[in-house]
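What follows is a single structure, written as structure tokens, with notes after it.
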Amino acid sequence: MNKTSKLITVFIIFLAICGNIQAQNKGFESRIDSVLKLMTLEEKVGQMNQYNGFWEVTGPAPKDGNAKMKYEHLKKGLVGSMLNVKGTAEVRKLQELVMKETRLKIPLIFGFDVIHGYKTISPIPLAESASWDLEAIEKSARIAAIEAAAVGINWTFAPMVDISRDARWGRVMEGAGEDTYLGSKIGIARVKGFQGNDLSSNNTIAACAKHFAAYGFIEAGRDYNTVDIGTYTLHNVVFPPFKAIIESGVRTVMNSFNVLNGVPATANKFLQREILKDKWKFDGFIISDWSSGAEMINHGFAANLKEVAETSANGGSDMDMESLAYVSHLKEAVENGKVDIKLVDDAVKRILRVKFELGLFDDPYKYCDEKREKELIRHPDHIAGVLDMAKKSIVLLKNDKQLLPLKKTQDKIAIIGALAEDKDHPLGSWVIGADKGTAVSVLEGFKKYNNNFKFAKGANSTFEQDEKGFAEAVALAKKSEIVVMVLGEGADQSGEARSRTTLDLPGSQQKLLEAVYAVNKNIVLVLMNGRPLAITWADKNIPCILESWHLGTESGNAIAQVLFGDYNPSGKLTMTFPRNVGQVPIYYNYFNTGRGDYQPHRYWSHYIDESNAPLYPFGYGLSYTQFEYSNLQIDASNQSAVKVQVTVKNIGKLAGEEVTQLYIRDKFASFVRPVKELKGFKKFALAPNESKVIDFVLTEAELGFYTDKGDFIVEAGEFEVMVGTDSQKLLKGGFVRK
Ligand code: BGC
């Protein structure tokens, strides 16, 4: 080491120590400036470059990339972050390389798609959202953070807060459904779970709000496709969950693959500079999506990687994931005056800020502790936590004939369907940290309650037509008293790049269901899936349907607890289930047409071959008990805090939990408003015969909305207030805002 680099090292150590003191005061700014002053332009650009630890995992390999080159770049300080590196030993190895070899020894930040758990897997986010239980959701994210941090990860690419109304899009499994209000609350809970109260603690990780913006509105539900969405919807539906979690302190944002108003999100100044950084004062950093920079060439926006670097940096994208654009061309762009050095400095400061906040400057290895990894991965508390989350995520869609709950002494049960014995698919999509075959299967869970069953596979859950197992399944059903059919999608049939054109049960499963029904009508259908399905035939014919999604590690145990009544189901749908894929996009908070609802003539907005109504509406879900709603009271004497009250009584025989939902409608406004919008909800338990008064307060935050220019306004006029058990069964009242 020569004299100058020795001096620099001493200075960096000094900064790190000061950083530690400053960390407690959250006063990193002068430390950040001091580090920045030491950096060459090349080193600054290096901080803005992220590489994947191994390729073809969540995206295609870049044309010019190879492992040798990455290694050289790491040694030269040309890499600020790595993603998808697995395990403490690997993380430590790379961090050591950077700490030993680079001039400034700026620690790497390690990102990973910890979408619903690292090794101990929680339900997919869409399932979790169906619990409407913010505390449980926060806890589930906390578990994910503890395990991820224990293997050296500092940063998760979650939560995805993209609102989507299109079940064809495979990524709906990764979000919280179709509603902005609920999506915002869930986003906040997840960020809290990941980041905790102190980001510098070794069991919290930085969260990432993704994908900014409007990725959930891709045309035809086909992944990576074009988006064309009006600014009114953008401000009222797409932006609010992002704004909410930025206000709650999320430290990073990921931009999106799509184009918005002709400009790819990665180079979009309106999104990244005007809205995020200027209007919302976001001071963390923005990461591109996987090669979303380089993809601007295919979009026809940038002619080459050089233009990618220029337009992304000018557009406000601070870190480049796997495009190799910044590392190859950003230095030159600054030197040629195409990108102002001030923008590069701003981006680097943002990245350093998050590294300081995570405590990486204090101790780059603070997340690398093999002992902690051993102790914490699959900790019994985590298993218990994901089981709790899983049972709360299940939605009872139908329970005619009261076949459910099953009796623990029930004899002659048939269990049919390949997914019933599967130990992989129930983990769901996006589980790159998990080990194969680690889910508790339905058969395993079932056995703990009742062993009087026989199993027949019947048919695979793949898209192929396969009737080889039908005869065995039908024969078994014929001699059984009750049939539990576990049907639906495998984990690989939802998630990224897994769009579908139908929402049916894949492959031969519908045929299998009908064949079994022909010999035994006492069927309990357990659905496993990552998106709403159009199960109209099943709804008409099958007496009991339980939506169990992909519930993660404890799937089978959670499903068995609900099937046998040890847990009374309390989940409610957060995405509308259509009757037919042709109704998509279908969602509860639509605008009325000029022709209104049902008309006795033909000239109104409807289908001639299917009703407009959903199969199951937003907010819908049954319990083994029943709840009665009465006495809706609205007190608008204080116009900026309107009080709403309703009485809910458990009129059934079992204890249960209910989610009371409050919707409003601004009847006439300067911009048309939805027929209803969720503006409050409460989840609570009631013993048989017990009743509770549930109250809400509507403030201007709930009564107002955004104009097409993004200004928030609250108008005078008539408001309808609706309270009930789902978005359709509602008591109605109203008030006038003067
Ligand atoms: C996805 C992101 C993800 C990233 C890194 C992309 O393909 O769109 O959501 O975080 O890959 O794995």
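Values in this text are rule-based calculations from the coordinates and carry no lab data. This is a predicted model, so every value here is computed, not measured. Cβ: placed from backbone, ideal geometry, glycine included. Neighbour counts: every protein chain shown.
So how far, in whole Å, is the C-alpha centre of region 577-624 from the one of region 206-269?
Between the Cα centre of region 577-624 and that of region 206-269, the gap is 26 Å.
Where a ≥ b ≥ c are the square roots of the eigenvalues of the C-alpha gyration tensor, would you call region 197-324 rounded, which needs a/c under 1.5, or, failing that, prolate if a/b is larger than b/c, or oblate? Walk me through the intermediate numbers first.
Numbers: a/c = 1.78, a/b = 1.29, b/c = 1.39.
Oblate, because a/c is 1.5 or more while a/b does not exceed b/c.
Using 29 Å as the Cα-Cα cut-off, could you pick out the over-long pairs in Lys93/Lys391; Lys44/Lys185; Lys572/Lys643; Lys243/Lys355? Don't skip to the answer; put the middle values down first.
On the way: Lys93/Lys391 39 Å; Lys44/Lys185 36 Å; Lys572/Lys643 25 Å; Lys243/Lys355 22 Å.
Among Lys93/Lys391; Lys44/Lys185; Lys572/Lys643; Lys243/Lys355, the Cα-Cα distance tops 29 Å for Lys93/Lys391; Lys44/Lys185.
Would you mind ranking His550, His382, His425 by Cβ crowding within 10 Å, fewest neighbours first?
On the way: His550 32, His382 26, His425 23.
Starting with the residue having the fewest Cβ neighbours, the order is His425, His382, His550.
Along Cα→Cβ, 7 Å out, is where each label goes; now give me the distance between the ones at Asp566 and Lys454 in nm to one decimal.
In this crude spin-label approximation the distance works out to 2.7 nm.
Between Ala518 and Lys682, what is the FRET efficiency for a Förster distance of 35 Å, r being their Cβ-Cβ separation, to the nearest 0.05? Before the final figure, lay out the partial values.
Details: r = 44 Å, r/R0 = 1.26.
Efficiency at R0 = 35 Å is approximately 0.20.
Would you work out if region 392-583 is rounded, prolate or oblate? Take a ≥ b ≥ c from the square roots of the eigenvalues of the alpha-carbon gyration tensor; rounded if a/c is under 1.5, else prolate when a/b is larger than b/c, oblate otherwise. Write out the running numbers ahead of the final one.
On the way: a/c = 1.30, a/b = 1.16, b/c = 1.12.
Verdict is rounded for region 392-583.
By the gyration tensor of its Cα atoms, with a ≥ b ≥ c the square roots of the eigenvalues, what is the shape of region 451-518: rounded for a/c under 1.5, prolate for a/b over b/c, or oblate?
prolate
7 Å from Cα along Cα→Cβ at both Lys478 and Gln402: what's the point-to-point distance in nm?
3.2
What nm distance separates the two modelled labels at Asp340 and Phe671, each placed 7 Å from Cα along Cα→Cβ?
Those two pseudo-labels are separated by 3.0 nm.
When the Cα centres of region 669-738 and region 464-483 are compared, how far apart do they sit, in Å?
48
Per 0.36 nm of contour for each residue apart, how much would the distance between Asn261 and Val714 grow if the chain were fully extended, relative to their Cα-Cα spacing?
Details: separation 453, 0.36 × 453 = 163.08 nm, distance 2.75 nm.
Between Asn261 and Val714, full extension yields 160.3 nm more.
To the nearest 0.05, how large is the calculated FRET efficiency for Thr707 and Glu375 if R₀ is 56 Å and r is the Cβ-Cβ distance? Before the final figure, lay out the partial values.
Numbers: r = 53 Å, r/R0 = 0.95.
For Thr707 and Glu375, the calculated efficiency is 0.60.
Calculate the length of the line joining the C-alpha centroid of region 365-442 to that of region 484-534, in whole Å.
After rounding, the separation between the Cα centres reads 18 Å.
Please turn the phi angles of region 697-708 into ³J(HN,Hα) values with the Karplus equation 6.51 cos²θ - 1.76 cosθ + 1.60 (θ = phi - 60°), one per residue in order, whole Hz, x for glycine and proline.
Each residue's phi maps through the Karplus curve to give 10, 9, 9, 4, 4, 8, 8, x, 7, 9, 7, 5 Hz.
Rounding to the nearest 20 debye, state how big the charge dipole of region 555-633 is about its Cα centre with +1 on each Lys and Arg Cβ and -1 on each Asp and Glu Cβ.
Values: 4 positive and 5 negative charges, 43 e Å.
The calculated dipole for region 555-633 is roughly 200 debye.
Amide H of Asn261: which non-local residues (sequence gap of 5 or more, or other chain) have their own amide H closer than 5 Å, using H built in the peptide plane?
Ile229
What order do you get for Ser317, Ser548, Ser291, Ser611 when you list them from fewest to most C-beta neighbours inside 10 Å? Present the calculation step by step, with values, prior to reporting the outcome.
On the way: Ser317 34, Ser548 29, Ser291 24, Ser611 12.
With the fewest neighbours first, Ser317, Ser548, Ser291, Ser611 line up as Ser611, Ser291, Ser548, Ser317.
Of Cys208, Cys544, how do they rank once you tally other Cβ atoms within 10 Å and put the fewest first? Mind showing how you got there, number by number?
Details: Cys208 28, Cys544 24.
Lowest count first: Cys544, Cys208.
Which value results for Rg/Rh of the chain when Rg is the Cα radius of gyration and Rh the Kirkwood radius based on the inverse mean 1/r? Working shown, then result.
On the way: Rg = 26.6 Å, Rh = 27.0 Å.
Rg divided by Rh gives 0.99.
At a Förster distance of 25 Å, what's the computed FRET efficiency of Lys511 paired with Ala220, Cβ-Cβ distance as r, to 0.05?
Working: r = 27 Å, r/R0 = 1.08.
Plugging the Cβ-Cβ distance into 1/(1 + (r/R0)^6) gives 0.40.
Can you give the Kirkwood hydrodynamic radius for region 677-738, in Å, rounded to one decimal and based on Cα pairs? Mind showing how you got there, number by number?
Values: mean 1/r = 0.0710 Å⁻¹.
Kirkwood hydrodynamic radius for region 677-738: 14.1 Å.
Expected output is a single nm value to one decimal: the length gained when fully extending between Asn631 and Ile297, i.e. 0.36 nm times separation in residues minus the C-alpha distance. What is it? Walk me through the intermediate numbers first.
Working: separation 334, 0.36 × 334 = 120.24 nm, distance 6.02 nm.
Here the segment from Asn631 to Ile297 would lengthen by 114.2 nm.
Taking the Cα centre of the chain as origin, sum charge times position over the Cβ atoms of Lys and Arg (+1) and Asp and Glu (-1), and report the length of that vector in debye to the nearest 20. Mind showing how you got there, number by number?
Values: 90 positive and 90 negative charges, 168 e Å.
Dipole size: approximately 800 debye.
Of the options Ser611, Ala244, Thr233, report the single residue whose Cα projects farthest towards the positive end of the charge dipole of the chain (beta-carbon charges: Lys, Arg +1; Asp, Glu -1).
Ala244
So for region 627-737, what are the equivalent ellipsoid semi-axes in whole Å, largest first, each being the square root of 5 times an eigenvalue of the Cα gyration tensor? Don't skip to the answer; put the middle values down first.
Working: eigenvalues 171, 35, 25 Å².
For region 627-737, the ellipsoid semi-axes come out as 29, 13, 11 Å.
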